[in-house]
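Trainee: So that we are looking at the same thing, I have put the structure below in structure tokens.
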Amino acid sequence: MKKFLILLPFILTFFVSCQQEKQPEPENMNFYSEPFRPQFHFSPEANWMNDPNGMVYLDGEYHLFYQYYPDSTVWGPMHWGHAVSTDLVHWDHLPIAIYPDKNGWIFSGSAVIDHNNTSGLGSDQNPAMIAIFTYHDPIGEKEERADFQTQGIAYSLDKGRSWTVYKENTVLKNPGIKDFRDPKVMWYEDGKENGKWVMSLAVLDKIDFYSSPNLIDWTFESDFNPDWAAYGGVWECPDLFPLTAEDGTEKWILFVSINPGGPQGGSATQYFVGNFDGKTFTTESSETLWLDYGADNYAGVTWSNVPESDGRTLLISWMSNWQYAQIVPTHPWRSAMTIPRNLELVKKDDGYLVASRPVKEIEKLRKESKTVSGTSIELENDLAEVILSPNQADFKIHISNEKGEIVTIEKAGGELKFDRTKSGLSDFSKVFAAVHKAPLNGIAVESIRIFIDRSSIEIFVNEGELAMTELVFPTSPYTKINLEGFTDRNSLYYLSGIW
Ligand code: FRU
């Protein structure tokens with residue numbers, strides 16, 4: 001017995017260390033190593049995700065909420081999932097922020113910081129973070145009522161960690177229009193009157209603008225739906241914000257996601273360049289402009305409360321398409337977000353365009369850089385960024401693996417084409433294997449930057465003057481890039497994963 005007592009501490013130490021070995025640290029857990037799992041794009045650990053919601057910056061943290069169904073890999077009763085990042089690149093998962101309640105499921109919306117405590121829900125010392133979202137009442141929908149989407153708010157006084165639904169009541173009732181959703185709220189000040197909150201709301205196939213002194217009482221101001229815009233499907237997820245061009249010109253930009261009716265079929269985001277006077281948005285655009293010409297960039301909206309010292313307009317989008325989002329071959333999660341992007345207003349001969357550039361923080365992931373010459377690049381790592389300079393008007397880029405699966409990106413005449421017909425798995429959907437074409441609209445291609453992350457390829461021409469975001473499902477990693485029509489001064493970076 002005595003011998004046992006003497007040995008006891010050693011036995012305990014051994015037992016405890018065995019226990020510890022059974023609970024390895026996250027770094028040793030092959031965390032996020034499933035086939036197709038994005039390594040430098042945000043994805044939930046498991047289950048279904050769609051639109052990014054309520055992006056707001058506060059005290060060093062970028063919040064990303066998102067449409068989330070925690071019980072399945074397909075869409076269902078929506079919650080707001082939650083993650084935070086201090087650098088827009090690495091993300092920490094947090095518990096679900098907002099759950100469905102008696103008013104319905106929690107659809108897309110936005111979040112703001114109520115610095116002036118206009119709502120009375122916080123205090124001057126601790127301004128509330130306020131989420132404004134759509135309640136989707138599934139019972140009303142089943143009963144075929146027209147008023148089952150209303151707007152609700154919830155607030156947090158602890159940096160988004162816990163949420164209280166405002167009086168469990170809706171703040172903007174439905175006037176009898178089935179599609180009445182996705183409130184994006186901003187603080188508007190024109191120097192003449194006291195500031196006010198402005199909400200852009202997708203109402204069937206137009207955008208309605210409402211204003212409020214306190215985020216609780218809303219007044220209709222105007223609506224927007226020019227004849228010539230894209231109306232192939234319902235309008236969703238609007239966003240309204242100013243952008244300033246290099247020459248100091250300020251324009252207001254209105255984003256409207258549309259599904260279906262995008263340039264590649266299914267979902268995409270159109271935008272309008274114009275002016276907003278606090279009540280009405282007018283556009284100077286006269287044809288449809290698309291934020292991203294790929295098949296897989298949807299429902300993107302911008303962060304609010306980004307510090308003036310930063311000054312950027314930051315966007316993240318859902319990297320999928322409603323045409324096949326629910327049947328892509330990924331488990332146990334479905335969907336990822338794009339690389340966060342910085343939006344810039346660029347003046348062209350025939351007007352302004354909105355360029356979307358990968359945020360500079362993504363460069364932190366570069367772990368090895370190579371200047372590559374010649375026409376063939378061997379990829380030793382399947383997380384890669386390449387920056388290519390064409391020296392011919394037309395060019396081709398082939399990205400392939402040992403199995404003969406191949407993606408071809410081609411500039412021919414005035415078009416950029418992304419051919420994913422032989423890119424890997426595609427039999428899950430009739431429309432996935434396709435060639436997607438983007439008109440260059442006079443953009444002279446000076447550089448083409450490509451990010452490859454297992455199951456996605458994002459392309460930025462001239463730092464985002466034209467962007468294409470595309471999903472691909474190669475059955476083994478792409479290992480080779482062949483080039484036709486480029487200089488021999490191209491850059492290759494291998495990237496680290498973020499998890
Ligand atoms: C866009 C969308 C939104 C809606 C949400 C529901 O993808 O349809 O209009 O709020 O998804 O999940």
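Trainee: Give the stretch 172-183 a look and list any residue that's open to solvent by 20 Å² or more (accessible area, probe 1.4 Å) and in a strand (DSSP E or B), or say none.
Mentor: If the condition is that a residue be open to solvent by 20 Å² or more (accessible area, probe 1.4 Å) and in a strand (DSSP E or B), then R181 is the only one that fits.
Trainee: Take the residues in the stretch 235-248 that are touching a residue at least 24 places away in the same chain (Cβ under 8 Å) and assigned to a loop (DSSP other than H, G, I, E, B); name whichever of them is farthest from W322 (Cα to Cα).
Mentor: Once the filter is applied, the top-ranked residue is D247.
Trainee: Could you tell me how many of the residues in the stretch 257-296 are assigned to a strand (DSSP E or B), within 16 Å of the ligand (Cβ to nearest atom) and aliphatic (A, V, I, L, M)?
Mentor: 2
Trainee: Which of the residues belonging to the stretch 392-407 are farther than 13 Å from I448 by Cβ and either part of a strand (DSSP E or B) or open to solvent by 20 Å² or more (accessible area, probe 1.4 Å) (or both)?
Mentor: A393, H398, S400, E402, K403, G404, E405, I406, V407
Trainee: Tell me which residues, restricted to the stretch 473-499, are in a loop (DSSP other than H, G, I, E, B) and buried (at least 23 other Cβ atoms within 10 Å of the Cβ).
Mentor: Those that are in a loop (DSSP other than H, G, I, E, B) and buried (at least 23 other Cβ atoms within 10 Å of the Cβ): P474, Y478.
Trainee: Moving on to the next point. From the list L425, L416, L440, which one is of a type outside the set (G, A, S) and open to solvent by 40 Å² or more (accessible area, probe 1.4 Å)?
Mentor: L425 is the lone residue from the list that is of a type outside the set (G, A, S) and open to solvent by 40 Å² or more (accessible area, probe 1.4 Å).
Trainee: For the stretch 213-234, give me each residue that is within 30 Å of E308 (Cβ to Cβ) and either free of Cβ contacts under 8 Å to residues at least 24 places away in the same chain or among the acidic types (D, E) (or both).
Mentor: Selection gives D217, T219, E221.
Trainee: Continuing with this model, one more query. Which of (1) more than 16 Å from the ligand (Cβ to nearest atom); (2) within 20 Å of I153 (Cβ to Cβ) is the odd one out, the single condition T244 does not satisfy?
Mentor: (2)
Trainee: Look through the stretch 349-365, keep the residues that are open to solvent by 60 Å² or more (accessible area, probe 1.4 Å) and not in a helix (DSSP H, G or I), and return whichever of them is farthest from K251 (Cα to Cα).
Mentor: Selected residue: R357.
Trainee: Name the one entry in Y166, Y155 that is farther than 28 Å from D277 by Cα and open to solvent by 40 Å² or more (accessible area, probe 1.4 Å).
Mentor: Y155
Trainee: Also, I was wondering about something else. Quickly run through the stretch 180-205 and pick out the residues that are under 17 Å from S110 (Cα atoms) and either free of Cβ contacts under 8 Å to residues at least 12 places away in the same chain or within 12 Å of the ligand (Cβ to nearest atom) (or both).
Mentor: Once the filter is applied, which keeps residues that are under 17 Å from S110 (Cα atoms) and either free of Cβ contacts under 8 Å to residues at least 12 places away in the same chain or within 12 Å of the ligand (Cβ to nearest atom) (or both), the stretch 180-205 yields F180, R181, D182, P183, K184, L201, A202, V203.
Trainee: I've got another one for you. Can G160 be described as assigned to a loop (DSSP other than H, G, I, E, B) and crowded, with 20+ Cβ neighbours inside 10 Å?
Mentor: Judged against the criteria, G160 is a match.
Trainee: Could you please find all residues in the stretch 297-340 being within 14 Å of the ligand (Cβ to nearest atom), in contact with a helix residue (DSSP H, G or I) (Cβ under 8 Å, 6 or more places away or on another chain) and assigned to a loop (DSSP other than H, G, I, E, B)?
Mentor: If the condition is that a residue be within 14 Å of the ligand (Cβ to nearest atom), in contact with a helix residue (DSSP H, G or I) (Cβ under 8 Å, 6 or more places away or on another chain) and assigned to a loop (DSSP other than H, G, I, E, B), then S335 is the only one that fits.
The values are calculated or read from the model by the stated rules, or taken from the named source; none is laboratory data. Being a predicted model, the structure only gives us computed values, none of them experimental. Cβ: placed from backbone, ideal geometry, glycine included. Neighbour counts: every protein chain shown. Please note that ligands, DNA and RNA were not included when accessible areas were found on the heavy atoms of the full protein model with its side chains. Shrake-Rupley method; radii C 1.70, N 1.55, O 1.52, S 1.80 Å.
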